[in-house]
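Working notes, beginning with the structure itself.
The values are calculated or read from the model by the stated rules, or taken from the named source; none is laboratory data. Small disclaimer: the values here were computed from a predicted structure and weren't measured. Glycine gets a Cβ as well: all are built from the backbone with ideal geometry, and neighbour counts include every protein chain shown. Note: areas computed on protein heavy atoms with side chains; ligands, DNA, RNA excluded. Shrake-Rupley method; radii C 1.70, N 1.55, O 1.52, S 1.80 Å.
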Amino acid sequence: MENNVKKVMLLGVLLIGFILSAQNRNLDNYRQPDQRGINVFEPQKDTLTTFESLKVRTGGSFALQFQALDNENASGTLKEIGSNFNLATANLDFDVALYDGVNMHLRTYLSSRHHNEPYVKGGYFQVDKLDFIQKGFLEDFMKHVTIKIGHMETNYGDAHFRRSDNAQAIYNPFIGNLIMDSFTTEVGAEVYYNTGNGFFGMLGFTNGKLNQSVEESDGTTGGAVFLAKLGYDKQIEEDLRVRLTGSVYNTGYSQNVYLYAADRAGSRYYDVLQDVAATSDNFRSGRFNPAYGNKITAVMINPFVKYGGLEVFGTIELTSGRSLAETDRRNTEQFAGEAIYRFGSNENIYIGGRYNTVSSELASGDDVTIDRFQLGAGWFMTKNVLLKAEYVNQEYSDYPTGDLLEGASFDGLMLEAVISF
């Protein structure tokens, strides 16, 4: 009975949202959840306004993959995997224009690899005007400033703007995210300043916690994270866009460092490299977490160039950190480069490749390397429907004798269908 009531309530909310947003689904300073949102990064800043009254935009996304991967390791102790469909994933999004210059975003994972029950990813307020205080309050200043506050995805680096966020996979030209997938949701605030001539900056602070709690650990209820980003993004000519950003994510102390372990939705490569004796799913399979524990300093540099239909995107990531039990910091480096060529009507077809490598010192003292090559293609049937194909090959080197990942690798074909609206 309780489940039926919840379903009826959810259906009612969806119907209300569709009715309220039936006339005009566009919001100010908003990243469209379809093909129009590709290569959109920080919150857009526009002094124009279309606000008339409170408006609710209900949207969502759906993704389903067919997986045909093989895996192996030196000891032959991996579970056998074959070809079939993965669990379908789904998101539910609410975007609300609350006031002139004040929007709210809320995302719920309806189904994910790690959870078959709905749960909230996070949400935030985006403030582009302060007219709710007084009409025209700090108007000239706010023409350049955006403020985000909430339990939200932190803006560290540019790679997270191109990754698959559970079912929202339409921005990602490939099927898998990076090996060391930087993504976390924490309570905090970010302030953006856009000069209007291509240069911009961001400063932010969070409490460094994925799961919010007032319980003490090591004599404190948490820690603090400092975030910063500087960048240049300019449409130089009609066919040429250039972007370069540098970001930092730094903790003096955190109860747990979640930067590479916060994605509870899970990896796209299901069941790869899992011990034959495992009794539960390693939902982050195929990814790498340096497991620093309590302290981290991470720097990411991202160049992006788009010339006509050709776009090149790079990731240079240098990190160091340690747990309280360790005396010295360990280092991890990640490099990735991808080239995509988009063509056809409205660039609705693309092909591309990505090379991604990670080198890290483990807590055991071993230095290991992971390499991945991805070759992908995609077809936007409409701006809301994307079909993707990917060949992936990932190899593990220098893991110690007896480790599950000694001599490990996986490769094969993935297909993915994505709907986002």
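Quick check: is even one residue across the range 298-320 modelled with pLDDT under 95 and either touching a Cys at 6+ places or on another chain (Cβ under 7 Å) or of a type in the set (Ser, Thr, Tyr) (or both)? There is no residue in the range 298-320 that is modelled with pLDDT under 95 and either touching a Cys at 6+ places or on another chain (Cβ under 7 Å) or of a type in the set (Ser, Thr, Tyr) (or both). Under the condition of being part of a strand (DSSP E or B) and either in contact with a Cys (Cβ under 6 Å, 6 or more places away or on another chain) or of a type in the set (Gly, Ala, Ser) (or both), the residues counted in the range 156-188 number 1. Filtering the range 392-421 to residues that are among the polar types (S, T, N, Q) and in a loop (DSSP other than H, G, I, E, B) leaves only 401.
Within the range 214-223, is even one residue among the aliphatic types (A, V, I, L, M), surrounded by fewer than 20 Cβ atoms within 10 Å (Cβ to Cβ) and not in a strand (DSSP E or B)? There is at least one residue in the range 214-223 that is among the aliphatic types (A, V, I, L, M), surrounded by fewer than 20 Cβ atoms within 10 Å (Cβ to Cβ) and not in a strand (DSSP E or B).
Residues in the range 20-45 that are in contact (Cβ under 8 Å) with a residue 60 or more places away in the chain and either of a type in the set (Phe, Trp, Tyr) or closer than 30 Å to residue 137 by Cα (or both): 27, 28, 29, 30, 40, 41, 42, 43, 45. Taking every residue in the range 97-126 that is under 16 Å from residue 142 (Cβ atoms) and in contact (Cβ under 8 Å) with a residue 60 or more places away in the chain and pairing it with any residue that is in a strand (DSSP E or B) and among the β-branched types (Val, Ile, Thr), at least 6 positions away or on another chain, the pairs with Cβ-Cβ distances below 9 Å are 101/127; 103/96; 103/127; 126/102; 126/146; 126/147; 126/149. Residues in the range 179-188 that are of a type in the set (A, V, I, L, M), open to solvent by 10 Å² or more (accessible area, probe 1.4 Å) and more than 25 Å from residue 110 (Cβ to Cβ): there are none.
Among the residues of the range 232-250, is there at least one that is open to solvent by 20 Å² or more (accessible area, probe 1.4 Å), hydroxyl-bearing (Ser, Thr, Tyr) and out of contact with any Phe, Trp or Tyr (no Cβ under 6 Å at 6 or more places or on another chain)?
No.
For the range 255-301, a tally of residues being more than 27 Å from residue 410 (Cβ to Cβ) and open to solvent by less than 30 Å² (accessible area, probe 1.4 Å) returns 3.
Of the residues making up the range 330-376, those that are among the aromatic types (Phe, Trp, Tyr) and within 23 Å of the chain's Cα centre (by Cα) are 335, 341, 350, 355, 373. Residue count for the range 204-213, restricted to those that are open to solvent by less than 20 Å² (accessible area, probe 1.4 Å) and not in a loop (DSSP other than H, G, I, E, B): 2. Say whether the condition of being in contact with a helix residue (DSSP H, G or I) (Cβ under 7 Å, 6 or more places away or on another chain) and not hydroxyl-bearing (Ser, Thr, Tyr) is met by at least one residue in the range 280-297. No: zero hits. Residues of the range 344-356 that are surrounded by fewer than 21 Cβ atoms within 10 Å (Cβ to Cβ), of a type outside the set (Val, Ile, Thr) and part of a strand (DSSP E or B): 353, 355. Of 169, 159, all but one fail to be open to solvent by 10 Å² or more (accessible area, probe 1.4 Å) and within 23 Å of residue 38 (Cα to Cα); the exception is 159. Scan the range 189-203 and tell me whether some residue there is closer than 21 Å to residue 264 by Cα, open to solvent by less than 30 Å² (accessible area, probe 1.4 Å) and in a loop (DSSP other than H, G, I, E, B). No: the range 189-203 contains no residue that is closer than 21 Å to residue 264 by Cα, open to solvent by less than 30 Å² (accessible area, probe 1.4 Å) and in a loop (DSSP other than H, G, I, E, B).
The requirement of being of a type in the set (A, V, I, L, M, F, W, C) and modelled with pLDDT under 95 is fulfilled nowhere in the range 230-245; no residue meets it.
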